[in-house]
Structures are given as C-alpha cells and as structure tokens.
1. Rounded to the nearest 10 Å², what accessible area does Asp141 have for a 1.4 Å probe in the complete protein model?
2. For region 183-289, what's the relative contact order in percent, using C-alpha pairs closer than 8 Å and at least 6 residues apart?
3. Can you compute 3J(HN,Hα) from phi for each residue in region 51-64, using the Karplus curve 6.51 cos²θ - 1.76 cosθ + 1.60 with θ = phi - 60°, rounded to whole Hz and x for Gly and Pro?
4. Within region 141-182, what residues put their amide N at less than 20 Å from the label point 7 Å along the Cα-to-Cβ vector of Val247?
5. Let me cross-check Thr18: its accessible surface, 1.4 Å probe, with only protein heavy atoms counted, in Å² to the nearest 10?
6. Taking H as built 1.01 Å from N, whose amide H comes closer than 5 Å to the amide H of Phe264, not counting residues under 5 places away?
7. Which of rounded, prolate or oblate describes the chain when judged by the alpha-carbon gyration tensor and an a/c cut-off of 1.5?
8. Per the Kirkwood treatment, what hydrodynamic radius in Å, one decimal, follows for region 35-108 from the mean inverse distance over all distinct Cα pairs?
Amino acid sequence: MIFAATMLTAAAVVAATTGPVAVEPAATKFNIGKLTAFALHDADFVAANDGSVFAVDGTPDDVAKVLKAAGAPPDGITLSVNALLVRVKDHLVLIDTGLGPKAHGVLMQSLKKAGASAGAITDVLITHSHGDHIGGLVTADGASAFPKAKVRMASAEWVFMQSQSDIAPLVKTISAQVQTFEPGTLVAPGITAVAIKGHTPGHMGYEIVNGDERILDIGDTAHSSIVSLVRPDWTMGFDSDRAVAKVSRAKLLSDLSKSHEKIFSPHFPYPGVGTVEAEGIHFRWQPTLKAGK
C-alpha cells in the first residue's frame, strides 16, 4: 500500500496509487434538530478497479461502465474517510475515528476546526473495527487519542476486534475504555445503535434523533456513492458475510429511498450528508450539505 506524501487530490492519483490520500482538514457544521453536528474529513482513499474490492462477482469493465456513466475516472474508485461529531446535552460524541496519523489521517486537525479537542470527547462510537474507522483511536506514538472518552461498540464487534492479531497493540491501549452494548441500545441521548448486518460481525449504524429530525450514520453499508448505489447487488470485497451484506445494503437503500431520511456516510464524498433517491431499479446519491457551509 502506497501512502501519498503530499497533499494531492484523489482524482490526480487514481491511476497512480491505491490507498490513503492526504487531504486538507475540514469541518462542516450542520444541525440535527436543535443539535449541532460537524462532518469531519480525515482522508480520501483510492481503491483500484481490479475486481478485488468492488464487484468481486462482476468485472472491472462492468465497474468502469458505471463510473464512466457518472463522469468518474474508470480505473479507480475514490472514497472519502469521514467522521461525525455531535454535541448532545453534556456529551460530545465522535462516531468513528478515521485512519489515524500513521496513515496520514487529519481527524485531529479537523476536530480543531470544529472548535473541539480530543480531551473534550466524552463518547467515541465505533461502527466497526476496520482500520479506517478505528485507526484514529491511538496517537502516532500509540497512546490513547481520546483519553477521557468511553469507547463504545457492539459486543460482537469487540469480540471480533480482539481476535485480530494485527491490531493487538491498539486493542491493549483502549481496552480499559471500552464499553460494549447490544443492538438497539440508546448509546447516548437521542443516539440509538442499529444493527446493519454483513460487513463485520458487529457492524452498527447510529440513528440520531432530535425533535422531528433524524439522520442515520450508515457505517460501511455502502462504500461508493456511485457503484454501491447503482449496483448494490454486486459483492463488496470488504464484507465479511457477503451474502448477508448484499441483502442488508439493498434493503436499507430501498427503505431510505422511500423515507427520504438523511444519512451520513463515512465514505461518500465529503461531507457525506444527503439522501438516497430511487432511480428506476437503482439508486442515486443526493448530497444536501456542501463542504464549508
């Protein structure tokens, strides 16, 4: 995996690299009812269109056609790496932590732009334990990045996380802070953990409700705002239970296209807030928040 050494746009490096791409820090403010929230940009990530990640049961040519139709480069799929910050009552809640500083993640700098500090975070909610969601739990020297926070995740995900030998040092560092829960738990005021099965054993979405407004953090239910929505039936290489994940993805996208509930997607183009709209038998992404607004 090659890490970009300079601040390059993802589009400029699609043909040259697969892996994280450094971005400028960004924090985009929006409201959920009376709650204040920020979409935080951590990095971009380029996945090669080689059949290993997108459309494992299709072909790179199939994916290229979908990308070309959307006006995107056909040889790689660019994903954002985003996190969500929400202030609710006496809680300052961070959902996911990005790649971490060792992989050029800039979450801490984006957090600063939101007027917050790592020491002020009270709750870190983890959708799942892949590196682009938990890497930022530790600093560059391996210490806990959010020392005063409870680190919360589904019980099944914590079991799964502890089984991964490659992240054993991270697990050891955060273990005293971890508090687990079961799906359906109210994990913070107005924030409910929602099981979205298939990606990892304890993959969670988080639904945030305040007054008449709500937004669902979908975690990694869908990765690409183009490919995952046009062809949700294609197998995603990152899914641990691919058959179940297909069903979950199709059902959630269908439900969202009918309810028009806003979502936050960690991997859709930053800031990753918008709605899913039906387009024939497919779906399309409709962003409702512009970066910096």
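1. The value for Asp141 is about 130 Å².
2. Values: 207 pairs, mean separation 24.3, N = 107.
Over region 183-289, the number comes to 23 percent.
3. x, 8, 10, 9, 6, 4, 9, x, 9, x, 5, 4, 5, 4
4. 156-157
5. It works out to around 60 Å².
6. Hits under the 5 Å cutoff: Leu216, Asp217, Ile218.
7. Values: a/c = 1.38, a/b = 1.23, b/c = 1.12.
It is rounded, given that a/c, with a ≥ b ≥ c, falls under 1.5.
8. Values: mean 1/r = 0.0693 Å⁻¹.
About 14.4 Å for region 35-108.
The values are calculated or read from the model by the stated rules, or taken from the named source; none is laboratory data. What you see is a predicted model, and the numbers here were worked out from it, not measured in a lab. Cβ sites come from the backbone with ideal geometry, for glycine too, and all protein chains shown count toward neighbours. Only protein heavy atoms, including side chains, enter the accessible area calculation; ligands, DNA and RNA are left aside. Shrake-Rupley method; radii C 1.70, N 1.55, O 1.52, S 1.80 Å.
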